[in-house]
Amino acid sequence: MSDQPQEIWLIRHGETAWSAAWRHTGRTDIPLSEAGRLQAEALKQGLAVRSFPLVLTSPLSRAAETCGIAGYGNMAQFKDDLMEWDYGQYEGRTTADIRQDLLPGWTIWNGNPPGGETLAQVAGRAGNIVEMVKSAKSD
């Protein structure tokens, strides 16, 4: 193992219509908006001189398209563990809407969405990715 510290770059997908409207977007496959594509183009310019030994992406189109536009689509590995939180019955709703109609004070961190994932389940998926990244070889 190298004495060099390992760098990990986490990049979120570009904007979608739902993210622009603050709607919880978990498993619904919402495409990038034009603004999201422009964000990915800007990312491409910022990362143009970087090479990575491992590139992972969610299989959802917004993440895969961001990765592709940014110039890493040909080497990306699709990982279901990188899919966003499963919001269950709260999918597509805003936090304000959920608080008004259902649970005042609700946040994803203090209340499990009905039919969705718990924080522990999301943490388990994240742990799987961390282990995969830790075992990746650096250039």
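The values are calculated or read from the model by the stated rules, or taken from the named source; none is laboratory data. All values derive from a computational prediction rather than experimental measurement. A quick note on method: Cβ atoms are made from the backbone with ideal geometry, for glycine too, and the neighbour counts reach across all protein chains shown. These accessible areas exclude ligands, DNA and RNA; they are computed on the full protein's heavy atoms, side chains included. Shrake-Rupley method; radii C 1.70, N 1.55, O 1.52, S 1.80 Å.
Structure data summary
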quantity: Sequence-distant residues sharing a close amide H with VAL55 (under 5 Å, placed H); calculated: GLN77
quantity: Part-to-part distance (alpha-carbon centres) for segment 23-75 and segment 77-106, which is given in Å; calculated: 21
quantity: Whole-percent carbon and sulfur share, accessible surface of segment 61-127, 1.4 Å; calculated: 55
quantity: Area of ASP80 that stays accessible when all protein chains are in place (1.4 Å probe, Å², to 10); calculated: 100
quantity: Two-site FRET efficiency, LEU10 against ASN110, from Cβ-Cβ distance with R₀ of 22 Å, rounded to 0.05; calculated: 0.40
quantity: Full-stretch length increase - LEU54, ASP80 - with 0.36 nm per residue and alpha-carbon distance subtracted; calculated: 7.8 nm
quantity: Under 5 Å, built H, 5+ apart or other chain: amide partners of THR94; calculated: HIS24
quantity: Two-site label geometry, ALA21 and ALA42: point separation in nm, points 7 Å out along Cα→Cβ; calculated: 2.3
quantity: Solvent-accessible area per residue for segment 42-139 (1.4 angstrom probe, square angstrom); calculated: 57
quantity: Pairwise label distance in nanometres, GLN121 with THR28, each label 7 Å out on the Cα-Cβ vector; calculated: 1.8
quantity: Shape call, segment 7-139: gyration tensor on alpha carbons, a/c limit 1.5; calculated: oblate
